[in-house]
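Everything below concerns the one structure shown next.
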Amino acid sequence: MSEHPFAVTLEAGSSRANLTGSWRVERPAYVDRLPPCNDACPAGENVQHWLYDAEAGSYEAAWRSLVEDNPLPATCGRVCFHPCETACNRARLDEAVGIHAVERFLGDAAVSRRWRLPEPAAASGFRILVVGSGPAGLSAAYHLARLGHEVVIHEAAPAAGGMLRYGIPAYRLPRAVLDAEVGAIFDLGVGLVLNRAVTDIAAAKAEGDFDAVYLAFGAQLSRRAYIPAADSARVLDALAFLASSEGAEPAAIGRRVVVYGGGDTAMDAARSARRLGAAEAVIVYRRTRERMPAHDVEVEEALAEGVSVRWLSTISRVDEDKIVIEKMELDAAGFPQPTGEYDELGADSVILALGQDADVAPIGDLAGVEVNDGVVVDDHMMTGCPGVFAGGDMVRAERTVTVAIGHGKKAARSIDAWLAGKPEHAGERHELAPFEDLNTWYYADAPRTVQPELEAVRRQTGFEEVVGGLTESNALFEARRCMSCGNCFECDNCYGVCPDNAVSKLAAGDRYAFDYDYCKGCGICVAECPCGAIVMVPELI
Amino acid sequence: MAEQTIRFYQVGSFAIGNRLVDPQQRTVQSDRNRWNSLTSGHRACQGCGQALGARYVLDAAMAATDGQMIVVNATGCLVAFSTQFPESSWRVPWIHSVFGNAAAVGTGVAAALKAAGDTKTRVVVVAGDGGAVDIGFGCLSGMFERDDDCLFVCYDNEAYMNTGVQRSGATPAAARTATTEAVGREPGNAFGKGKSLPLLAVAHGIPYVATATVADVHDLEAKVGRAMELRGARYLHVLVPCPLGWGTAPEDTIRIARLACETGLFPLFEAAYGEILHATPIRRLVPVEAYLRPQRRFAHLFGDPPRTDDIARIQGIADRNIRRFGLLGTDEEGGQR
């Protein structure tokens, strides 16, 4: 109450004496939510975070954020089937952000500008054997090395890279890019023994005095189907064919090539066959396009290059210069059933791409390791044998490069925790940022920057890279299409729309703060936040 | 970056600011050290559109005049919630007038400044729709026709909110107010009544007339800036949704103002010397129902059965605005910035 006597003129004061925060029954609070791209990334990349840096033109910072999770961005930007873009909220507004293209741009920038991967921590004294130098092995080796462990990779092939080198054709992943990114990992001090096939894991572990083992030798056994074939018929295995096209003397395939199977490997084999001079490359697949396991991008590119497909067909016999195919039809359950109708197709060779299985022979009698459609691992990527971990194509999971990279990271953290005898520290997982929580009014409509594609003709004659990269300005443009779902990007909306001036704008990078003395809890800041990074929470009354 | 103009798609220029935009292109409201002409602690309702509009307009005018400005404020909500004796929320030189004579007081302040030889200090008169459209209209029309050197700003919340939501000359057709109850077949406020003060201002042939809303700060600040570059009588009409009087959720104030524009019911335009120069194109055209349905003052239109004929008449008003002001824009403008 006023201490002044009755009926005098008071000195004017500021209304700031009136703390209107007491009106409030709900308060706004800033949150960080999990963007769908991050949620979908098998390698656990913080996509929104590195796009945020890239948007400002801070490419090196963006790359550094990227390689916290994935040491192969130039590679992944080319070969990953980008589940991040499938999940991208922007797809519901216009088109998904071209995340893979920006990732590739950053990876290429790192190679050309010679950015170095972060230095490893102080040596821990532990020695770890990694078997296989494919994406799973490389990723594990990188993360283990960063944690200070001594890592040695044993690789059966004459060069490192695994399926990246021997399974993915050069027109999708130029070898100079692969060599640069793989080389950077070995520059951290990771040891590499080439031409060393591990046949007995227990022996290899004891011999090298290793404290833990990570198995990542993939799925190398090609599945076969019984097909009657004439003695003179030429039947090849897709993996061997792809590996041979990496060498100096590619396998002879003739003019008319039939590829049997419907996965990405079948597409790669058919596209490689076209490049090696086959005038006709026909894929024979027993089901329909909708049911094909190959990724859409690969199918589209294959068709654009003149590869043709015989849907609903199986091969029933292979002769010297032709094959006999039987037409199929889908039953009610969607399974192909034979119709008894046959057709002939001219073919000089047949490439079988019917899938692969893990070769578990090296497991031998390693105590406790269970094998069931691949090596069985627990939530920490550890097999039944303590200290022996596994990942990549040899465990049961989706077989993609990025899944393998994610396995490697997860296994490295698990191995680190296991060696230290401590429980694994799992990072906090934020609530998902749904499209419905965005206020998309604030995002102007923008089409995706289309990557310049080489002329279709040019692609058929060589192994040059098919899809071009973004220029710097295009990459910046594309990065800025990110809506930053669930994470504040400092647009000043909350600061501007508060009728009570109850939001303080802090220094750049520090975002904002609510002044709860004056916030009346109207919620306009929540409604007008473009990216859904503010929520209302009940006031404790 | 030579090959194409990079647009800031993440926020366009629709958000208040953006870390990636050149500071020159950001709004006054995004400035950490903005004036806050109307400061915290005022007693406006949660989500008050007028409190927002007042700060937006006056901060922009303070920035344009470098703080050399006197504000005349007609009686209304704005006075009631900002000046509870002995406290004041104003951080600008400020005079309170009675309900009907704010324009005349503004004229007097401008004349006094002229007599004192002060050519730098500018006058801004602010009023609600009651103090501008109805009670203050005689004084305002006089200020216009004499071309007195004042910017008159009307914060239009479409009724007398301070005294209990009575109908004003700016209340839209079919809106329920305390004096236009929707009883029986009555539609609320009758069709064919009320007036457009912006068009009346245009008819006075003054140097500048513009409309704005609290939903687009870039547009509003640009219009205040242009008005302050000119001398003579100028008029700015700002739509400020009122959660209490319109029956909307407090958090929806800006969304409702945006919908008023996107339906075509509130055209954004600029005029000079009796001629309409430019209208802001609608970015995403929506039917009037999207605007009407969230407002309790129109709830009677959506009963069982809904009053489709009244809704169609309101759509007709929007369609007429779209034709008259060319609100669909040209392909070139496309509603994009």
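The values are calculated or read from the model by the stated rules, or taken from the named source; none is laboratory data. Computed from a predicted structure; not experimentally measured. Backbone-built Cβ (ideal geometry, glycine too); neighbour counts: all protein chains shown.
Structure notes:
- Verdict on A:Val151 being assigned to a strand (DSSP E or B), outside the structural domain of A:His295 (by TED's automatic domain parsing) and touching a Leu at 6+ places or on another chain (Cβ under 7 Å): yes
- Flag for B:Ala222 being more than 14 Å from chain A (Cβ to nearest Cβ), in contact (Cβ under 8 Å) with a residue 60 or more places away in the chain and farther than 27 Å from A:Met536 by Cα: no
- Sole residue being assigned to a helix (DSSP H, G or I) and more than 7 Å from chain B (Cβ to nearest Cβ), chosen from A:Ala527, A:Ala475: A:Ala475
- Residues in segment A:505-524 that are more than 8 Å from chain B (Cβ to nearest Cβ), part of a strand (DSSP E or B) and farther than 24 Å from B:Pro241 by Cα: A:Tyr512, A:Ala513.
- Sub-8 Å Cβ pairs linking a first residue in segment A:416-430 that is touching a residue at least 24 places away in the same chain (Cβ under 8 Å) to a second residue that is part of a loop (DSSP other than H, G, I, E, B) and aliphatic (A, V, I, L, M), at least 6 apart or interchain, are A:Asp416/A:Leu147; A:His430/A:Val31, ordered by first then second residue.
- Filter result for B:His42 (surrounded by 24 or more Cβ atoms within 10 Å (Cβ to Cβ), within 24 Å of B:Val165 (Cα to Cα) and out of contact with any Gly (no Cβ under 7 Å at 6 or more places or on another chain)): yes
- In segment A:490-502, the residues that are within 7 Å of chain B (Cβ to nearest Cβ) and surrounded by 24 or more Cβ atoms within 10 Å (Cβ to Cβ): A:Cys491, A:Asp492, A:Asn493, A:Tyr495, A:Gly496, A:Val497, A:Pro499, A:Asp500, A:Ala502
- Just one of the listed residues (A:Gly191, A:Gly161, A:Gly134) is at pLDDT 95 or above, out of contact with any Lys or Arg (no Cβ under 8 Å at 6 or more places or on another chain), of a type outside the set (A, V, I, L, M) and more than 30 Å from A:Met267 (Cα to Cα), and it is A:Gly191.
- A:Ala197 being touching a Lys or Arg at 6+ places or on another chain (Cβ under 9 Å) and either at pLDDT 90 or above or in a loop (DSSP other than H, G, I, E, B) (or both): no
- Within segment B:54-80, the set of residues being away from chain A (no Cβ under 14 Å) and β-branched (Val, Ile, Thr) comprises B:Thr65, B:Ile70, B:Val71, B:Val72, B:Thr75.
- Residues being within 7 Å of chain B (Cβ to nearest Cβ) and of a type outside the set (Phe, Trp, Tyr) - total across segment A:478-489: 5
- Top-ranked residue in segment B:201-219 [being more than 14 Å from chain A (Cβ to nearest Cβ) and of a type in the set (A, V, I, L, M); ranked as surrounded by the fewest Cβ atoms within 10 Å (Cβ to Cβ)]: B:Ala203
- Some residue of segment B:59-73 being assigned to a loop (DSSP other than H, G, I, E, B), touching a Lys or Arg at 6+ places or on another chain (Cβ under 7 Å) and not aliphatic (A, V, I, L, M): yes
- The residue list B:Ala170, B:Ala102, B:Ala175 contains one member that is of a type in the set (A, V, I, L, M, F, W, C), farther than 23 Å from B:Pro267 by Cβ and out of contact with any Pro (no Cβ under 6 Å at 6 or more places or on another chain), which is B:Ala102.
- Any pair with Cβ under 9 angstrom, 6 or more apart, that starts in segment B:155-169 at a residue that is free of Cβ contacts under 8 Å to residues at least 12 places away in the same chain and ends at one that is crowded, with 24+ Cβ neighbours inside 10 Å: B:Thr163/B:Gly130
- For segment A:22-60, filtered to residues that are within 14 Å of chain B (Cβ to nearest Cβ) and among the hydrophobic types (A, V, I, L, M, F, W, C), the residue that is surrounded by the fewest Cβ atoms within 10 Å (Cβ to Cβ) is A:Val25.
- Highlighted here are the strands (runs of 3 or more DSSP E) found entirely within segment A:282-371 that include at least 2 residues which are surrounded by fewer than 17 Cβ atoms within 10 Å (Cβ to Cβ): A:313-318, A:322-330, A:336-346.
- B:Thr83 satisfies every condition listed in (1) under 26 Å from A:Leu19 (Cβ atoms); (2) more than 14 Å from chain A (Cβ to nearest Cβ) except (2).
- Each residue in segment A:77-94 was checked for being in contact with a Lys or Arg (Cβ under 8 Å, 6 or more places away or on another chain) and either crowded, with 17+ Cβ neighbours inside 10 Å or small (Gly, Ala, Ser) (or both), and 4 pass.
- Test: residue in segment B:221-238 that is farther than 25 Å from B:Thr65 by Cβ and crowded, with 17+ Cβ neighbours inside 10 Å: no
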